[in-house]
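Peer 1: Got a structure here, written out as structure tokens. Questions coming.
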Amino acid sequence: MKWKRYSCFYVLLPLILELLIESFSRKSFFSALGYMLHNPLLFVFNTLIIMLTLSIAMFFKREIFVLSTVSMVWLVFGIVNFVILQFRVTPFSAVDFTLITSAIKVSSHYFNIFTIAMMIVAVIVLFGGMIGLFRKAPVNDRYSHKRLLFSGIFCATLGVAIAVIHSNSHSVQALSTKYTNIAEAYEDYGFAYCFANSIIDSGIKKPEDYSEESVQAVMDSLDQKESEQQRPNVILVQLESFFDVDYVKGLEFSQDPLPFFHALRKKYSTGLVTVPTVGAGTVNTEFEILTGMRQHDFGVSEYPYKTILKSTASESICNNLKKLGYRTHAVHNNEATFYSRNKVFSNLGFDTFTSMEYMNGIQDNPNGWCKDDILTREIIKTLDASEGPDFTMAITVQSHGKYEGIETTDPQPIQVSGAPEGKEEAYQYYVNQLYEVDQMIENLVTELSKRQEKTILLLYGDHLPSLGLEEQDLINGNLYQTQYVIWDNMDLKKQDGIYYSYQIYSEMLNRVGIHEGNITKYHQQKDWREEGYYEGLTTLSYDLLYGENYANHGVNPYTATELQMGVDPVTITDVKEAAGGYVIQGTGFTPFSQVLYDGKALETEYKDAGNLFVAGPLESKKTETEEYETDLVEKPEDVPGAFVVEMKTEDGVCLSSTDAFLWDVPDRE
């Protein structure tokens, strides 16, 4: 009977779980069967991984409960992966646990209130069931040393089997060495293996020949030429889920959805840019664009924004341009905390970051994303912020998914035909969002053209949208290519080309004679088709972020900036009595401003950028001193009897605050 029990619990159950999980992953039970029959070794390998995790239950007296819990975890992972794949191409991986807060923030764009409520109910029922199982499941009071020994041998045997297969099977090893994208990796190697690998595989692996000599060899191969004297403004605009829909076979439009973008491509340098992701993963494209490093060098499905860049300053276009006197800015019409940008941007060398919390006049599109037309004004503000040259990175959001089931009230100017069956509504909505983004691009170029400053502007799509596109649907046959265009007002020669996203900023700077930074020089002087190109790039990247910084004489030359939220700091200039309360006067106020008095948050009514209103009366908190040095306390809101304005995200995270403003509330006695 024991052998039957063990066979059911630790052999048959893992097989069933593996088959179910692959069915969820492939959205088809028959596809999972096909995977099992055509790739039996990989199927067995994934099953052994599940079996090993289930075998933990052998060491517990509440064996049934632990076994059920671990099985439920795997089943939930499979279901979560299935749900995620409905909205993005990238499968569920361990890094998604670090993105939970970001996922919660965007959930309202993908799920309605009823669906969210059902999910909450399902979680409650699941936890309730597990509590009931814990109480009712049998407890083995006769736990012998013999069984403990058997359990240890069983687990050790599984571990050895997994290690042997991993070390001797080329098909298993390929995940760590040859995968080109994570979606295909999950298809080829199975969910359990890929997910487990995403837990343990992070960072850049140390090159086998890494040493001071190997780094110096790379550095010696570079010409250390200096940058030219011209210092044009440099602007990058990362266009969310943007690509030229003319590349989709069979689509027809009542009018050109991207008339201005197409006009730019005819006159200015353009081409295709190969990005590391599709359908999601914006910040991995962003990472490559800003640093010149390859996301592929990092762990499977890793987001460097959520790992190394949260604690380590890095070479980037920002830090390189700062050496030439540039002031560096980021502009994004979405929450500052999304993907931890409010922390990461400091390590990338940005001086200021204007997120949606520091913008006025925001309008939402039908899916609740902030429209991009506001970015033109905010980009121009960054250029006006200093007399010297500026670098600005703008990140759009309007054309973000989802695209199905969006109710639109305004008439849509472009009618779309030829969309895949069942995707007609999604394409109709998406294309009309692109049309508005194209209008923003035109407005931006028009405003830049009016300025008497030399400027170079890179426009590019961060990845294709999550519309279920496949390679055969595109005329270029590549899901990882979007389009770019480089506009300038310096009469630069039109030079079209195809680049990877980690190469393109170096190429753009090379055209204006800027060569700062080791990685910048590497891309500008090396041909990616040459032998050793990728090995040299990996060596430089590892040396900077994880190694001994041999390229920089043993010291990381980059330090985190004191990132200022908003181009201009938010300030309080005065407080005045008004009917029913008080008006706080100042600069930089937005609907995200929150007034505090004596450390307590007050209900705040936004009037305009210079005025906030709070209801009164307030209790007088007179202080003995008329002035207060805010650096004497940890937080300005701790100052007794002082007004403070905090800039907060929708979920209550304080991004910045004004200095404490002392003002004696009149006594009403």
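Every number in this text was worked out from the coordinates using simple rules, so none of it is lab data. Not measured: the values here are computed from a predicted model. Every residue, glycine as well, gets a Cβ built from its backbone with ideal geometry; the counts of neighbours run over all protein chains shown.
Peer 1: Under a point spin-label approximation (7 Å from Cα along Cα-to-Cβ), what is the Asn168-Leu20 distance to one decimal in nm?
Peer 2: 3.2
Peer 1: Which value in Å does the Kirkwood hydrodynamic radius of the stretch 239-552 take, with 1/r averaged over all unlike C-alpha pairs and then inverted?
Peer 2: Final number for the Kirkwood radius of the stretch 239-552 is 20.2 Å.
Peer 1: Hey, what number do you get for the chain at 222 nm if only DSSP H runs of n ≥ 4 count, each worth -39500 (n - 2.57), divided across all residues, to the nearest 500?
Peer 2: Taking each H run of at least 4 residues, the total per residue is -12000 deg cm²/dmol.
Peer 1: Note the per residue figure in Å³ for the convex hull of the C-alpha positions in the stretch 496-536.
Peer 2: Details: hull volume 2.8 nm³, N = 41.
Spread over its residues, the Cα hull of the stretch 496-536 gives 69 Å³ apiece.
Peer 1: So what's the angle, to the nearest 10 degrees on a 0 to 90 scale, between helix 13-26 and the longest Cα principal axis of the chain?
Peer 2: That works out to roughly 40 degrees.
Peer 1: I'd like the Karplus ³J(HN,Hα) series for the stretch 430-439: coefficients 6.51, -1.76, 1.60, θ = phi - 60°, whole numbers in Hz, and an x wherever there's a Gly or Pro.
Peer 2: 4, 4, 6, 5, 4, 4, 6, 5, 4, 5
Peer 1: Starting from the eigenvalues of the Cα gyration tensor, five times each then square-rooted, give me the equivalent ellipsoid semi-axes of the stretch 468-540, largest first, whole Å.
Peer 2: 25, 20, 9
Peer 1: Based on the Cα atoms of the stretch 298-413, what semi-axes does the equivalent ellipsoid have, where each is the square root of 5 times one gyration tensor eigenvalue, given in whole Å with the largest first?
Peer 2: Equivalent-ellipsoid dimensions as semi-axes: 29, 21, 10 Å.
Peer 1: If you build the Cα gyration tensor of the stretch 350-468 and take the root of 5 times each eigenvalue, what three semi-axes come out, in whole angstrom, biggest first?
Peer 2: Value: 31, 15, 13 Å, ordered largest first.
Peer 1: Compute the helix-to-body angle for 29-38: its Cα long axis versus the longest principal axis of the chain, expressed 0 to 90° and rounded to tens.
Peer 2: That helix lies at roughly 60 degrees to the long axis.
Peer 1: Same structure, new question: Pairs Lys371/Lys454; Lys205/Lys310; Lys381/Lys450: which exceed 25 Å Cα-Cα?
Peer 2: Lys371/Lys454, as the Cα separations exceed 25 Å there.
Peer 1: Can you check how the C-alpha radius of gyration of the stretch 220-268 compares to 2.2 N^0.38 Å, as a plain ratio?
Peer 2: Here the Cα radius of gyration is 1.92 times the empirical estimate.
Peer 1: What would the Debye equation give as log₁₀ I(q)/I(0) for the chain at q = 0.06, 0.08, 0.09 Å⁻¹, counting only Cα atoms as equal point scatterers?
Peer 2: Rounded to two decimals, the profile gives -0.42, -0.73, -0.90.
Peer 1: May I ask for the distance between the Cα centers of the stretch 513-575 and the stretch 328-370, given as a whole number of Å?
Peer 2: What the calculation gives is 21 Å, centre to centre.
Peer 1: On a C-alpha basis, how far is the centre of the stretch 267-311 from the centre of the stretch 229-263 in Å? Whole number, if you could?
Peer 2: The stretch 267-311 and the stretch 229-263 have Cα centres spaced 19 Å from each other.
Peer 1: Before anything else, pin down the relative contact order of the chain: Cα pairs under 8 Å, at least 6 apart, normalised by residue count, whole percent. Kindly include the intermediate steps, with their values, before the conclusion.
Peer 2: Numbers: 1137 pairs, mean separation 105.3, N = 669.
Once divided by the residue count of the chain, the mean separation gives 16 percent.
Peer 1: Eight or more residues apart or on different chains, and alpha-carbon atoms under 28 Å: count the Lys pairs in the stretch 503-630 matching that.
Peer 2: Going through the stretch 503-630 pair by pair, I get 8.
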